[in-house]
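S.K.: Right, I'll just put the structure down here and ask away after.
Bear in mind these aren't lab numbers, they're just calculated from the coordinates by the rules spelled out. Bear in mind that the values here come from a model prediction, so they are computed numbers and not experimental data. We place every Cβ from the backbone using ideal geometry, glycine too, and count neighbours over all the protein chains shown.
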Amino acid sequence: MDVIEIDGANLLRDAADGWQLQASVVSQDRTRLACILRVGQRFRVERFLRGHMRPQWHGEWWLQQPQHSITDSGLQAQVLADEWLAPVG
């Protein structure tokens with residue numbers, strides 16, 4: 001497990017699963033994060049919200065949301081990430 005700092009909040013990553021981080025983008029309001037990962041010709045989009053973990057984990061963290069998407073297209077992965085990052089309302 002690795003901890004990566006993105007926009008002032010920590011992201012816990014499991015690099016052992018084989019998926020390589022290709023891009024990470026934060027929403028304009030800085031509350032949502034989309035990560036695009038790749039293994040071979042497959043792409044996965046993971047979605048996170050900024051928040052706090054248990055008291056022993058100090059600072060802000062990116063909390064993974066249960067939904068993720070897998071696609072064969074980098075372009076489609078970017079579209080899915082953009083949908084997550086779009087302003088709400």
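S.K.: Which chymotrypsin sites (Phe, Trp or Tyr not before Pro) does segment 1-80 hold that lie in a coil by DSSP with at most 13 other beta carbons within 10 Å?
M.R.: Hits after loop and neighbour filter: 57.
S.K.: Hey, got a sec? Which GluC sites (Glu not before Pro) in segment 25-89 land in a DSSP loop and have at most 10 other Cβ atoms within 10 Å?
M.R.: Loop-located and lightly packed - none at all.
S.K.: Can you give the Kirkwood hydrodynamic radius for the chain, in Å, rounded to one decimal and based on Cα pairs?
M.R.: 13.4
S.K.: Here's a follow-up. Could you work out how far helix 74-85 tilts from the main Cα principal axis of the chain, as a 0 to 90 degree angle to the nearest 10?
M.R.: 30
S.K.: What residue among 34, 77, 23 has the largest mean-square fluctuation in a Gaussian network model of the chain, using Cα springs under 10 Å?
M.R.: Result for the chain, Cα springs under 10 Å: 23 fluctuates most.
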